[in-house]
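The values are calculated or read from the model by the stated rules, or taken from the named source; none is laboratory data. What you are looking at is a predicted structure, and each value in this text was computed from that prediction instead of being measured. All Cβ positions, glycine included, derive from the backbone under ideal geometry; neighbour counts span all protein chains shown. What goes into the accessible areas is simple: the full protein's heavy atoms, side chains included, and nothing from ligands, DNA or RNA. Shrake-Rupley method; radii C 1.70, N 1.55, O 1.52, S 1.80 Å.
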Amino acid sequence: MFSIKRDKRTLSVAILMLSYVKRMKLNMNWEGREIYMDNQRQPLGNRKSEYAGETGAPPAVPNEDGKKEAAQQVTETIQQLGQTGVPTGGETNVFCMTIIGQIEGHIVLPPQNKTTKYEHLIPQLVAAEQNPKIEGLLIILNTVGGDVEAGLAIAEMISSLSKPTVTVVIGGGHSIGVPIAVAADHAIIAESATMTIHPIRMNGLVIGVPQTFEYMEKMQERVVRFVTKHSAISEEQFKDLMFKTGELNRDIGTAVSGEDAVKFGLMNEVGGIGQALGRLNIMIGERKAIQHGGITQ
């Protein structure tokens, strides 16, 4: 009698264990001496050194859903900002920012236009300024211009950064791209690049009253003051280039090439990425020496 009860009890325990194993869907791998969950394939292991903390919980392993989500976030960042991420300072101490196409301001441009949204650049500049691992900024420009106030906002942000900044104009830095190009501590232009200097213009409804033209003149003076303050060109020379006739077919102004931009005092030198990074590293070294109380030669 006792033997029959004991067998029934043993059989009941075995059934419970089989049902538990079936419910958890465990797959035992005796060669690797590891147990895996079929649904997530996360190693459980039996060594405490593999666990995080004293709770005995296994370390988090990214699953396929997490990888897909991370890849989707990178893709969205590239589509929105034109870059793979905001400044993190992981592998380099220099953050590279690109300003390409048309600078978009308060009005959304048509979808076929290649644009740079100023509301995306401003938080990146703030993040680069606050990140202690970022020691310098490299701004690459190839822009046709765009919104005047948005361009001036970007230029003011760049000029107010405490960290060393270098701009490189490749292709073109036209219109409101000129103040952005000269806003950095050191401005470089490619030999084949050009910069178009012309008066500002207004799109949309224009009221034919003197106040409208006075407003445009004040806006233009803001551009002139900023450029002459952050470069070596004189106000007279800059206005001569701006109001020059016969240079452009359908506009008033001047298309300045790379060497001429240096000659006029707009840019500091003709060069490319190598010269820009070399100059930026020198400025970073000088800043470190000053912060540590050293004397730069």
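For segment 117-150, which positions are more than 12 Å from the chain's Cα centre (by Cα) and surrounded by fewer than 18 Cβ atoms within 10 Å (Cβ to Cβ)?
Here is the first cut: in segment 117-150, the residues more than 12 Å from the chain's Cα centre (by Cα) are 129-136, 141-150.
Answer for segment 117-150, where residues must be more than 12 Å from the chain's Cα centre (by Cα) and surrounded by fewer than 18 Cβ atoms within 10 Å (Cβ to Cβ): E129, Q130, N131, P132, K133, E149.
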Would you confirm whether or not segment 119-142 contains a residue that is within 23 Å of M202 (Cβ to Cβ) and either modelled with pLDDT of 90 or more or assigned to a strand (DSSP E or B) (or both)? no
I'd like to know if segment 107-116 contains one or more residues that are touching a Leu at 6+ places or on another chain (Cβ under 7 Å) and either open to solvent by less than 10 Å² (accessible area, probe 1.4 Å) or not in a strand (DSSP E or B) (or both).
no
